[in-house]
1. For the stretch 102-226, what's the relative contact order in percent, using C-alpha pairs closer than 8 Å and at least 6 residues apart?
2. Remind me, relative contact order of the chain in percent, using alpha carbon pairs under 8 angstrom and six or more residues apart?
3. Using a Förster radius of 51 Å, what is the FRET efficiency between LYS47 and TRP162 based on their Cβ-Cβ separation? Nearest 0.05, please.
4. Divide by every residue of the chain the summed helix terms, -39500 (n - 2.57) for each DSSP H run of at least 4, and state the resulting mean residue ellipticity at 222 nm, rounded to the nearest 500 deg cm²/dmol.
5. Taking R0 as 30 Å, what's the FRET efficiency between SER109 and ILE29 from their Cβ-Cβ distance, rounded to 0.05?
6. Could you pull out every residue, at least 5 positions away or on a different chain, whose amide H is within less than 5 Å of the one on LYS89? Hs are placed 1.01 Å off N in the peptide plane, and Pro or chain starts have none.
7. Between the stretch 44-115 and the stretch 167-200, what is the C-alpha centre distance in whole Å?
8. Per residue, how many Å² of accessible area does the stretch 113-159 show with a 1.4 Å probe?
Amino acid sequence: MKLFSIFGNPVSHSISPIMHNLALNALHINGCYIKTQLEDGSKIIDKFNALKLNGANVTVPHKEFAYELCDELDEFAKDIGAVNTLVKKGNKIVGYNTDAPGFYKAISSFEKIKSVLILGAGGTAKAIASILQKNALHVEVLNRSEKRLDWFYKNNFAAYNWDTFKIKNYDLIINTTSAGLRDNLLPIDELILNQLMKESRYAFEVIYNKTTPFLKLATKNGLTHKDGSDMLLYQGVLAFNLFFENKFDEKEITTHMKGAFDLRY
Ligand SMILES: NC(=O)c1ccc[n+]([C@@H]2O[C@H](COP(=O)([O-])OP(=O)(O)OC[C@H]3O[C@@H](n4cnc5c(N)ncnc54)[C@H](OP(=O)(O)O)[C@@H]3O)[C@@H](O)[C@H]2O)c1
């Protein structure tokens with residue numbers, strides 16, 4: 001039997017086990033996907049080996065540990081510096097990042113996007129900024145503080161903190177901050193966000209299963225918007241296929257995994 005897990009802290013809220021077990025079951029694979037609460041991220045590979053896993057996903061706050069500790073890295077994960085998928089290949093554990101392509105697929109219905117403003121500068125912001133840059137979009141970053149902006153400067157992004165930012169027009173505004181996750185905060189000052197949204201066409205919120213203040217403001221300003229559900233779904237579809245050497249049809253996995261959202265919500 002093949003065994004998979006998600007590692008995180010906390011991890012109880014994760015619907016990845018439901019998504020993956022639905023797909024395993026529907027595709028008649030002898031396998032099971034579990035949740036593993038991991039407090040010390042530096043033990044992630046030891047735990048992966050102790051559980052004799054074939055593959056795993058990694059969520060907050062262990063993506064950087066997974067990046068540091070896996071045996072080999074996919075080129076794209078190397079660029080971003082964060083790993084959300086681990087796959088056992090022979091006696092090696094290979095690290096991938098499916099958050100970025102998952103996000104990119106989630107915005108495939110957004111048309112003629114040229115310029116993007118990313119709010120936040122954490123791991124998710126890096127993944128999203130990288131994939132947008134690779135697809136030749138103009139990306140700028142606005143973060144509350146200066147401390148996380150170095151990576152963006154080094155990778156040729158225009159990046160600002162709250163004091164240095166000046167309002168411009170962007171086609172798409174993305175909230176990657178955790179503002180709105182456990183509170184009712186906007187990621188930046190309401191007046192500024194309102195002005196930005198008035199000149200924009202699309203908004204994307206990485207948080208899922210919640211109408212955050214960012215999404216409420218996007219609705220008020222008449223923007224086409226999405227929450228993070230499809231991003232979560234597609235990163236899972238891509239991870240599942242990496243577990244099985246990309247031998248399954250993505251559309252079929254998507255259909256099976258989608259059931260998790262009906263069960264959960
Ligand atoms: N839908 C999906 O599939 C998916 C996938 C991955 C992540 N996510 C979600 O993405 C979010 C961010 O995750 P992450 O791993 O990137 O986190 P992270 O690395 O910890 O970064 C958090 C970012 O949010 C900013 N921030 C936190 N609280 C804020 C506030 N009250 N106001 C303004 N900015 C604030 C931080 O700014 P400072 O630098 O100033 O502290 C930082 O830039 C989480 O909500 C996570 O659940 C969703």
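1. Details: 202 pairs, mean separation 28.4, N = 125.
Here the relative contact order equals 23 percent.
2. Value for the chain: 17 percent.
3. On the way: r = 38 Å, r/R0 = 0.75.
Plugging the Cβ-Cβ distance into 1/(1 + (r/R0)^6) gives 0.85.
4. That calculation yields -11000 deg cm²/dmol at 222 nm.
5. Working from the Cβ atoms, E equals 0.50.
6. Correct list: VAL94.
7. 27
8. Solvent-accessible surface per residue comes out at 45 Å².
The values are calculated or read from the model by the stated rules, or taken from the named source; none is laboratory data. This structure is a prediction, so every number in the text was calculated from the model and none was measured. Neighbour counts run over all protein chains shown; Cβ positions are idealised from the backbone, glycine included. The area values use the complete protein model at the heavy-atom level, side chains included, leaving out ligands, DNA and RNA. Shrake-Rupley method; radii C 1.70, N 1.55, O 1.52, S 1.80 Å.
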